[in-house]
Amino acid sequence: MNPVLQEILNILNVETIEQNLYRGQNHNSEHVFGGQVLAQALASAYRTVEAPHQLHSMHAYFLRAGDWQVPILYEVDRIRDGRSFSTRRVAAIQHGRAIFTLACSWQKHEEGQTHSQPMPDVPPPESLRSDLEAYKAMALERPEIARFAFRFEAIDSRQVERILMTDTEEHPPFKHTWLKTRNALPDNPEIHIALLAYMSDLDFMSTAMLPHGRNTMRDTIRGASLDHSLWFHRPFRADEWLLFAKESPNASGARGFVRGHFFNRQGDLVATAAQEALIRPIGNARDTLLDKTSEFER
């Protein structure tokens with residue numbers, strides 16, 4: 001397995017400290033990636049749920065910027081265990097304060113009515129350039145790109161519209177990205193859930209900036225993820241190609257809203273994501289989130 005993917009798996013494998021209390025480490029990258037916190041919180045909750053129950057939804061809020069130099073503690077509250085559903089609440093804590101909170105729900109498998117929207121008609125991943133190739137070429141002239149691009153050494157990401165995080169052109173607020181890990185993963189569903197949560201925060205918030213020329217606004221906008229939700233509809237594997245179809249239907253009130261659908265190669269809708277993000281022009285009112293990490297830096 002390539003070393004970057006192994007590092008991600010090690011980081012997502014939270015350490016048990018005490019009953020309902022877990023500890024997660026950080027990438028050595030001068031910031032805490034939101035997708036990492038999502039994944040670690042879900043991994044912590046997963047350790048407290050009986051196997052027959054499967055995760056079907058999670059809703060999270062980013063409260064404060066994380067400190068990448070110290071571990072994150074995850075405290076799980078076992079809200080309810082019922083015959084059909086289990087509910088958990090997770091608080092991520094650093095320096096005695098909550099930096100993130102998560103509520104998630106788990107369901108015992110049941111049969112019922114089935115339908116889903118069709119997958120968009122896009123080129124297959126084999127026909128597209130990988131983000132890793134694109135960012136490696138850019139890093140020769142702009143070394144700072146390596147701060148976020150290292151993740152693509154573990155995650156094979158391919159843009160249908162060829163829109164990269166460094167682009168300055170205006171574009172309608174949608175994009176399609178094929179994603180999967182570069183190596184096969186164990187069959188443990190906890191790992192696949194954690195990896196999808198991790199990947200769901202890659203280049204997601206910036207979809208709301210596409211109509212405004214996101215990189216040209218980088219120095220004039222204060223950006224930060226505010227919340228993040230995921231719904232899991234069908235089984236999937238994070239080491240097989242998933243199409244992440246993203247769109248931003250609205251931006252207003254210094255916030256941008258984005259949503260996305262994950263489809264497998266067979267065209268099945270396997271998960272849905274949604275996020276609201278701060279996109280505040282610098283100098284507007286009181287900027288209470290100055291310490292948040294921008295999406296570009298992520």
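The values are calculated or read from the model by the stated rules, or taken from the named source; none is laboratory data. This one's a predicted model, so the numbers in the text were calculated from it and none came from an experiment. Please note: Cβ atoms are built from the backbone with ideal geometry, for glycine as well, and neighbour counts cover all protein chains shown.
Summary table below
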item: Residues of the stretch 1-25 satisfying the condition of being among the β-branched types (Val, Ile, Thr) and in a helix (DSSP H, G or I); result: 4, 8, 11
item: Meets criteria (among the aromatic types (Phe, Trp, Tyr), more than 21 Å from residue 8 (Cβ to Cβ) and either at pLDDT 95 or above or crowded, with 19+ Cβ neighbours inside 10 Å (or both)) for residue 263; result: yes
item: Test for residue 78: is it touching a residue at least 24 places away in the same chain (Cβ under 8 Å), in a strand (DSSP E or B) and under 15 Å from residue 20 (Cα atoms); result: yes
item: Unique match (being surrounded by 13 or more Cβ atoms within 10 Å (Cβ to Cβ) and more than 19 Å from residue 203 (Cα to Cα)) among 128, 102, 164, 140; result: 102
item: Residue check for residue 120: touching a residue at least 60 places away in the same chain (Cβ under 8 Å), surrounded by 18 or more Cβ atoms within 10 Å (Cβ to Cβ) and either among the aromatic types (Phe, Trp, Tyr) or within 16 Å of residue 175 (Cβ to Cβ) (or both); result: no
item: Residues of the stretch 39-75 classified as part of a strand (DSSP E or B) and either in contact with a Phe, Trp or Tyr (Cβ under 7 Å, 6 or more places away or on another chain) or farther than 18 Å from residue 271 by Cβ (or both), total; result: 12
item: For residue 255: the one exception among (1) more than 25 Å from residue 91 (Cα to Cα); (2) surrounded by fewer than 18 Cβ atoms within 10 Å (Cβ to Cβ); (3) at pLDDT 90 or above; (4) not hydroxyl-bearing (Ser, Thr, Tyr); result: (1)
item: Residue match in the stretch 1-21 (condition: touching a Cys at 6+ places or on another chain (Cβ under 9 Å) and either within 25 Å of residue 205 (Cα to Cα) or at pLDDT below 95 (or both)); result: no
item: Residue list for the stretch 26-38, filter: in a helix (DSSP H, G or I) and over 16 Å from residue 103 (Cβ atoms); result: 34, 35, 36
item: Test: residue in the stretch 185-192 that is exposed (fewer than 15 other Cβ atoms within 10 Å of the Cβ), within 30 Å of residue 108 (Cβ to Cβ), hydrophobic (A, V, I, L, M, F, W, C) and more than 16 Å from the chain's Cα centre (by Cα); result: no
item: Pick from the stretch 1-56, criterion β-branched (Val, Ile, Thr), over 28 Å from residue 85 (Cβ atoms) and touching a residue at least 40 places away in the same chain (Cβ under 8 Å), ranking: surrounded by the most Cβ atoms within 10 Å (Cβ to Cβ); result: 32
item: Among (1) over 23 Å from residue 150 (Cα atoms); (2) modelled with pLDDT of 90 or more; (3) in a strand (DSSP E or B) - the single one residue 222 does not satisfy; result: (2)
item: So residue 88, is it assigned to a strand (DSSP E or B), within 23 Å of the chain's Cα centre (by Cα) and either of a type in the set (Lys, Arg) or at pLDDT below 95 (or both); result: yes
item: Every residue from the stretch 176-200 that is among the small types (Gly, Ala, Ser), out of contact with any strand residue (DSSP E or B) (no Cβ under 9 Å at 6 or more places or on another chain) and in a loop (DSSP other than H, G, I, E, B); result: 184
item: Residue match in the stretch 143-154 (condition: surrounded by fewer than 17 Cβ atoms within 10 Å (Cβ to Cβ), among the aliphatic types (A, V, I, L, M) and assigned to a helix (DSSP H, G or I)); result: yes
